[in-house]
Amino acid sequence: MSVALKAKIAEVFEEPGCDKNQGKSEKERKKGCTKQLAPGAAAGGCAFDGAKIALQPVADVAHLVHGPIACEGNSWDNRHSASSGPQIYRTGFTTDINELDVIYGGEKRLFKSIREILDKYNPPAVFVYQTCVTALVGDDIEAVCQRATAKFGKPIIPVNAPGFAGPKNLGNKLGAEALLDYVIGTVEPEFTTPYDINIIGEYNLVGELWQVKPLLDALGIRILSCIAGDGRYNEIASAHRAKANMMVCSKSMINIATKMEQRWGIPYFEGSFYGIGDMSDTLRQIAKLLVKQGAPDDLLLRTEQLIAVEEARAWQRIAHYKERLTGKRVLLITGGVKSWSVVAALQEAGMEIVGTSIKKSTKEDKEKIKEIMGDDAHMIDNMTPREMYAMLRDARADIMLSGGRSQFVALKARMPWLDINQERYHPYGGYEGMVGLVREIDRAIFNPVWQQVRIPAPWGDDGETLGAVSATTQVSA
């Protein structure tokens with residue numbers, strides 16, 4: 001691992017926005033939150049994967065992976081992050097290094113790849129991702145990117161997050177550090193308003209941001225940049241002129257919020273777009289921060305008026321579903337901000353949370369779970385598939401909400417399942433998203449297929465057909 005990368009990781013571990021790190025001694029804090037991954041153990045959850053997840057939703061730049069083609073294949077388009085315009089972010093670019101590049105170095109190949117991308121696609125910038133192989137070989141992507149920037153006159157951004165550096169969450173933060181070091185603050189916006197905000201850690205999954213943007217538009221609040229869902233390079237580069245920041249997922253990009261507050265004095269808060277109450281609270285906090293930063297006081301009144309109208313409309317639309325769902329038990333296997341934000345949304349629909357996963361949750365997330373669910377909240381640190389299966393088969397839950405990797409546990413238990421993670425096909429953000437979430441849960445629970453698959457098969461465990469052939473029948477000679 002290079003000296004520069006070690007220094008950057010040490011800097012990330014000193015993150016002041018993370019109470020878990022700050023609660024440790026200086027010696028323990030330097031060790032970080034997790035052990036470094038052994039070769040082969042990082043598949044699907046390495047630092048490179050985390051950095052790519054965090055930055056790939058920037059829609060108008062080319063994302064070039066400097067490494068073997070398998071790295072790009074593993075990470076390409078792995079989230080349903082939607083774009084309202086450019087589609088170049090969905091094109092997989094890789095230097096596809098070979099054995100000779102490992103022996104002689106792949107820096108020349110990287111430079112030629114950058115030139116080819118600029119000639120063919122002309123993006124406003126190129127993000128170059130370091131991987132395990134090229135980092136071990138010693139390719140200096142910072143030097144290549146610096147030379148390419150000078151040569152071609154366009155920003156070429158190095159993202160130094162090889163997989164062996166650590167887990168996916170560390171990669172999220174290293175990707176954020178690349179934005180802080182090379183992007184944010186490099187461009188001035190055409191104009192500014194007292195209502196400019198940044199939304200950080202929002203990936204616009206299935207277009208969720210678009211369910212929230214009309215609410216902000218109605219208040220005259222402008223999203224100066226979203227980091228990174230449906231993001232644009234120049235908007236992110238000018239993010240330092242915003243009046244306030246909203247942090248959606250502190251597990252991934254809290255370092256952007258804290259360092260923007262240190263460098264440019266931009267205050268931030270952590271909010272949620274899931275659920276009626278949390279959406280209203282988020283609008284109120286945005287309005288309060290903007291007024292505190294100099295926006296007209298009438299923003300607070302207009303915000304309350306909008307909330308009253310939208311809440312009444314949302315409650316009216318979910319009333320029918322709430323009658324059917326009240327008392328239904330939900331097992332929530334997710335993490336991060338969804339470990340508490342989705343809990344609040346489900347409780348608003350009358351459902352009971354029998355357990356919520358905290359495997360990827362911060363200390364703040366856990367405190368919010370206790371605040372919402374009470375001191376007897378059943379927080380699951382690491383539930384095995386066998387335990388999930390037993391819980392569902394014993395009917396201690398009526399439905400499981402989780403990511404795609406857990407769906408087969410629910411299906412084996414013949415219980416309803418709904419995708420709540422990034423691979424999903426339905427947006428759940430804002431008031432409109434809350435209605436959609438409740439509707440999808442209702443469709444899943446009351447789907448008649450579950451009654452069909454729970455009917456016992458007409459044959460016994462011994463393979464004999466029940467009621468037709470007796471297991472003790474002897475065939476005469």
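Ranked from largest to smallest solvent-accessible area, with a 1.4 Å probe on the protein heavy atoms, Tyr274, Tyr428 come out as Tyr274, Tyr428.
About its Cα centre, what dipole magnitude does the range 397-464 give when the only charges are +1 on Lys and Arg Cβ and -1 on Asp and Glu Cβ, stated in debye to the nearest 20?
Roughly 180 debye for the range 397-464.
Which shape class, rounded, prolate or oblate, goes with the range 122-219 when its Cα gyration tensor gives a ≥ b ≥ c as root eigenvalues, a/c under 1.5 marks rounded, and past that a/b bigger than b/c marks prolate? Taking the square roots of the gyration eigenvalues as a ≥ b ≥ c, the range 122-219 is oblate. Working ranking of peptides 107-116, 223-232 by packing, defined as the average number of other Cβ atoms within 10 Å per residue, highest first, is 223-232, 107-116.
Can you give the net charge of the other residues whose Cβ lies under 12 Å from the Cβ of Arg393, counting K and R as +1 and D and E as -1?
On the way: positive: Arg386, Arg396, Lys412, Arg414, Arg454; negative: Glu387, Asp394.
Net local charge, Arg393 excluded: +3.
Between Leu411 and Ala70, the FRET efficiency estimated from the beta carbon spacing at R0 = 45 angstrom works out to 0.95.
Pairs Lys328/Lys412; Lys8/Lys108; Lys154/Lys292; Lys52/Lys108; Lys213/Lys243; Lys6/Lys251: which are spaced more than 28 Å apart, C-alpha to C-alpha? List each step's numbers first, then the result.
Values: Lys328/Lys412 20 Å; Lys8/Lys108 25 Å; Lys154/Lys292 37 Å; Lys52/Lys108 23 Å; Lys213/Lys243 17 Å; Lys6/Lys251 21 Å.
In this structure, Lys154/Lys292 exceed 28 Å between Cα atoms.
Overall form of the range 241-301: oblate. Here a/c, set by the Cα gyration tensor axes a ≥ b ≥ c, is 1.5 or more, and a/b is not larger than b/c. Accessible-area rank, largest first, for Leu299, Leu411: Leu411, Leu299, with all protein chains present and a 1.4 angstrom probe.
Distance between the pseudo-spin-label points of Gln87 and Phe152 (7 Å out from Cα toward the beta carbon): 2.2 nm.
Could you size up the charge dipole of the range 382-432 around its Cα centre, putting +1 on the beta carbon of Lys and Arg and -1 on that of Asp and Glu, and report it in debye to the nearest 20? Write out the running numbers ahead of the final one.
Values: 7 positive and 6 negative charges, 57 e Å.
Around 280 debye, computed over the range 382-432.
Label-to-label distance, Ala457 versus Arg313, with points set 7 angstrom from Cα along the beta-carbon direction: 5.1 nm.
What FRET efficiency comes out for Tyr425 versus Arg302 if R0 is 35 angstrom and r is the Cβ-Cβ distance? Round to the nearest 0.05. So the FRET efficiency works out to roughly 0.55.
Work out the charge dipole of the range 200-287 with +1 on the Cβ of Lys and Arg and -1 on the Cβ of Asp and Glu about the Cα centre, then indicate which of Ala239, Ser252, Ile200 is farthest towards its positive end. The Cα lying farthest towards the positive end belongs to Ala239.
Mean sequence separation of contacting Cα pairs (under 8 Å, at least six apart), scaled by the length of the range 62-168, corresponds to a relative contact order of 31 percent.
Students sometimes get this wrong: rank His320, His66 by accessible area, probe 1.4 Å, all chains present, largest first.
Details: His320 110, His66 0 Å².
Most to least solvent-accessible, the answer reads His320, His66.
Is the range 275-335 rounded, prolate or oblate when judged by the Cα gyration tensor, a ≥ b ≥ c being the square roots of its eigenvalues, rounded requiring a/c under 1.5 and prolate requiring a/b larger than b/c? In terms of gyration-tensor shape, oblate.
Remark: the range 232-303 carries a charge dipole of roughly 240 debye about the Cα centre, counting +1 on each Lys and Arg Cβ and -1 on each Asp and Glu Cβ.
The values are calculated or read from the model by the stated rules, or taken from the named source; none is laboratory data. Keep in mind the model is a prediction, meaning the values are calculated, not measured. Every residue, glycine as well, gets a Cβ built from its backbone with ideal geometry; the counts of neighbours run over all protein chains shown. Accessible surface is based on the protein model in full, side chains and every heavy atom, while ligands, DNA and RNA are left aside. Shrake-Rupley method; radii C 1.70, N 1.55, O 1.52, S 1.80 Å.
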